[in-house]
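The values are calculated or read from the model by the stated rules, or taken from the named source; none is laboratory data. These numbers were taken from a predicted model, which means no experiment stands behind them. Positions of Cβ are backbone-derived with ideal geometry, glycine not excepted, and every protein chain shown enters the neighbour counts. Heavy atoms of the whole protein, side chains included, go into the accessibility calculation; ligands, DNA and RNA do not. Shrake-Rupley method; radii C 1.70, N 1.55, O 1.52, S 1.80 Å.
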Amino acid sequence: MKIQAPISKSMLNEIKSGDFLYISGTIYTARDAAHKKLAELINLNKELPFDLKGAIIYYSGPSPASPGNIVGSIGPTTSYRMDKYTPDLLKQGLSVVIGKGKRSKEVIDSLVEYKAIYCAAYGGAGAYLASKIKSIIPVAFEELGPEAIYKLEVEDFPVIVVNDLWGNDLYESRGKI
Amino acid sequence: MRTVFYDEIVKKIKNEVININCKPSQHLLDLYEKGIHNETDGRSKNILCILKENSLIASEKMIPICQDTGTLVALVYLGKDIKLDKGFLLDAICQGVSEGYKDGYLRKSIVNNPIERINTNNNLPPVVHTFITNDDQLTIIIMAKGAGSENMSSLKMMAPSSGIDGIREFVIDTVRKAGPNPCPPISLGIGIGSNFEGVALLAKQALVKDLISDKLSYHNDYEILENEILDELNNLNIGPQGFGGKTGVFEVKILMEPCHIASLPVAVNINCHVLRHARIEF
Ligand code: SF4
């Protein structure tokens with residue numbers, strides 16, 4: 001199914017665990033260090049570098065762009081390391097998180113509670129995924145290098161829905177859905 | 001004594017660091033192909049096709065197959081009759097690594113200290129293991145080892161009574177727990193024996209077993225056991241990317257060494273589908 005970001009919460013009702021989505025529009029990268037910083041800002045009630053309402057966060061730290069390319073390789077990183085911070089971000093209105101690998105029960109429950117979904121991008125396919133990126137600009141924490149927050153414009157960025165609004169988990173059901 | 005040139009070491013390490021990260025080996029392409037052939041489920045087949053396509057795009061554009069270009073691990077087999085024309089071997093390796101990561105536009109993923117966590121910005125230091133050999137050869141194996149799979153690796157000091165069944169159980173448990181996290185299809189290096197630190201290194205060497213067969217001190221033909229474990233693991237229905245299927249594991253390689261009468265050390269080092277290794281001769 002093709003979808004356009006940012007994504008309204010009502011749109012998520014149509015999406016089920018196991019679906020293939022092709023996302024176009026704006027998504028933001030954030031991984032370990034950026035999550036730590038975002039959580040600190042939320043705790044201090046400070047303004048965030050981008051609006052989390054309806055937003056999509058992609059757990060990724062790209063490799064540098066070589067001459068003639070928009071971006072280097074840009075696949076997902078393992079998601080469980082962000083589990084600690086995810087419920088707080090979901091509470092702020094985040095719609096979709098993209099990474100790879102299993103989430104904690106707490107995260108899966110928060111997805112249901114705050115009406116958001118977790119998707120997996122192809123792990124170890126960063127060169128393929130780079131071909132779906134139309135532009136990339138750093139928006140915060142540039143000093144973190146690959147761990148900075150980047151704003152990406154993507155076209156038909158492919159993901160598989162793992163956890164949907166009803167608490168289904170593709171990693172548990174696997175072939176059985 | 002045979003002389004090896006410092007600058008040659010720098011240059012070859014640099015070039016190979018870039019090559020392993022951006023160009024899939026024929027072996028990896030064959031593994032993808034075999035998986036595509038074996039999978040009956042449409043989704044699993046499709047995912048493997050994308051992984052293969054990814055590696056071909058990487059090599060065409062010379063961008064990394066995966067953005068996590070890893071910790072650089074070097075296994076150095078250093079003959080006793082080797083000398084350098086100048087400088088220090090470890091400096092040459094480090095220079096090759098940092099130049100490769102810079103000029104190859106590879107990601108710098110090393111932080112200075114595990115608590116402070118400031119990026120060193122040159123992917124240094126590499127993890128280097130040196131083995132002294134009784135000859136005048138210098139062979140260096142380099143591996144780019146991503147964190148996603150390294151983090152799912154495991155070590156256990158078992159009781160000798162656990163035997164081969166206990167070892168199998170531990171391996172299966174490690175792979176099941178890792179599930180989708182280390183980017184399956186994974187490859188396993190299994191070390192059995194030695195001691196606590198020795199077995200971890202053995203597991204790492206097992207991942208490149210085919211590249212170092214002439215460097216091993218012990219008889220290490222465990223093909224039957226390796227294939228049995230491989231089949232058991234692929235029956236777990238982990239599949240490509242952990243979404244189910246027959247190809248959750250590409251390869252299982254085992255190395256064993258003698259150990260203490262009271263010990264049975266076992267280590268499982270996981271590698272993701274992106275196998276990035278090379279053997280360099282000087
Ligand atoms: S586990 Fe391997 S393929 Fe997956 S993100 Fe890490 S380096 Fe890349």
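So, for segment B:147-274, what is the accessible surface per residue at a probe of 1.4 Å, expressed in square angstrom? Don't skip to the end; give the middle numbers.
On the way: 5070 Å² over 128 residues.
On a per-residue basis, 40 Å².
What residues does segment B:60-96 have that are buried by at least 30 Å² of accessible area in the full protein assembly compared to the chain on its own, 1.4 angstrom probe?
B:K61, B:I63, B:P64, B:Q67
Tell me which lysines have Cα within less than 16 Å of B:K209's Cα, excluding those fewer than 8 residues away on the same chain?
Answer for B:K209, where 16 Å is the Cα cut-off: B:K145, B:K253, listed by chain and number.
Run the simple label-point estimate for B:F131 and A:K91 please: 7 Å along Cα→C-beta, distance reported in nm.
Distance between label points: 5.3 nm.
Ignoring ligands, DNA and RNA, what percent of the accessible area of segment B:89-230 is carbon or sulfur (1.4 Å)?
After summing per-atom areas, the C and S share lands at 52 percent.
Given the peptides B:171-181, A:76-86, arrange them by the average over their residues of other C-beta atoms within 10 Å, most packed first.
A:76-86, B:171-181
For A:W166 and A:T26 in one chain, what is 0.36 nm times their gap in residues minus the Cα-Cα distance, to one decimal in nm?
Details: separation 140, 0.36 × 140 = 50.40 nm, distance 2.53 nm.
Here the answer is 47.9 nm.
Be a star and scan segment B:93-135 for residues whose amide nitrogen sits under 18 Å from the point 7 Å along the Cα-to-Cβ vector of B:R279.
B:129-135, by backbone N distance to the label point.
I'd like to compare A:12-23, B:12-23, B:156-167: which one has the highest average count of other Cβ atoms within 10 Å, and what's the full order after that?
Answer by packing, highest mean first, reads B:12-23, A:12-23, B:156-167.
Excluding A:S63 itself, calculate the net charge of residues whose Cβ lies under 11 Å from the Cβ of A:S63, where each Lys or Arg counts +1 and each Asp or Glu counts -1.
Working: positive: B:R107, B:K108; negative: B:D68.
Summing Lys and Arg as +1 and Asp and Glu as -1 gives +1.
Could you tell me the center-to-center distance, by alpha carbons, between segment B:210-282 and segment B:11-60 in angstrom?
19
Let me confirm one metric for peptide A:126-139, namely the mean number of other chain beta-carbon atoms within 10 Å of its residues' beta-carbons.
Working: counts 12, 16, 10, 4, 7, 5, 0, 0, 0, 0, 0, 0, 0, 0.
For this peptide, the per-residue mean of nearby foreign Cβ atoms is 4.
Per DSSP helix of 4 or more residues, -39500 (n - 2.57); summed, then divided by the residues of chain A. What does that give at 222 nm, rounded to the nearest 500?
-5500 deg cm²/dmol, from helical runs alone.
Considering only C-alpha atoms, what is the centroid distance from segment A:1-24 to segment B:127-144, in Å?
50
When only alpha-carbon atoms count, how far does the protein assembly as shown stretch along each of its three principal axes, as whole angstroms with the largest first?
72, 49, 42
May I ask which of A:K16/B:K246; B:K156/B:K177; A:K53/A:K134; B:K11/B:K83; A:K100/B:K52; A:K2/B:K61 have a Cα-Cα span longer than 20 Å here? Before the final figure, lay out each step's value.
On the way: A:K16/B:K246 24 Å; B:K156/B:K177 15 Å; A:K53/A:K134 22 Å; B:K11/B:K83 17 Å; A:K100/B:K52 18 Å; A:K2/B:K61 27 Å.
Distance filter (> 20 Å) returns A:K16/B:K246; A:K53/A:K134; A:K2/B:K61.
Work out the mean other chain Cβ neighbour count within 10 Å for the residues of B:137-148 and drop it here as an integer.
Mean partner-chain Cβ count within 10 Å for B:137-148: 1.
How far, in nm, would the chain grow between B:L211 and B:D85 when pulled straight, counting 0.36 nm per residue and subtracting the alpha carbon separation?
42.7 nm
Could you state how much accessible area is buried at the B-A interface, both sides summed, with a 1.4 Å probe, in Å² to the nearest 100?
3000
What nm value, rounded to one decimal, do you get for the distance between A:V139 and B:L124 when each label is placed 7 Å out toward the C-beta?
3.6
Could you do me a favour and compute the accessible area per residue for segment A:2-163, 1.4 Å probe, result in Å²?
Value for segment A:2-163: 38 Å² per residue.
Which value in deg cm²/dmol, rounded to the nearest 500, describes the helix-derived mean residue ellipticity at 222 nm for chain B, given -39,500 (n - 2.57) per DSSP H run of n ≥ 4 and division by the residue count?
-12500 deg cm²/dmol
Averaged over A:61-74, how many beta carbons belonging to a partner chain fall within 10 Å of each residue's beta carbon?
Shielding by partners across A:61-74 averages 6.
Aspartates and glutamates near B:K14 by alpha-carbon distance under 12 Å, same-chain residues fewer than 8 away left out - which ones?
Result set, ordered by chain and number: B:E99, B:D103.
Determine the percent antiparallel among the DSSP beta bridges restricted to the protein assembly as shown, to the nearest 5.
Working: 43 of 75 bridges.
Taking every DSSP beta bridge within the protein assembly as shown, about 55 percent pair in antiparallel fashion.
Could you give the DSSP H helices of chain B that reach 24 angstrom or more along their long axis (alpha carbon positions) and whose average Kyte-Doolittle hydropathy is no lower than -1.0? Present the calculation step by step, with values, prior to reporting the outcome.
Working: long enough: B:6-22 (25 Å, -0.30); B:42-61 (28 Å, -0.19).
Helices meeting the criterion: B:6-22, B:42-61.
So, with a 1.4 angstrom probe, what is the percent of accessible area on segment A:61-177 that is carbon and sulfur?
It is 49 percent, rounded to a whole number.
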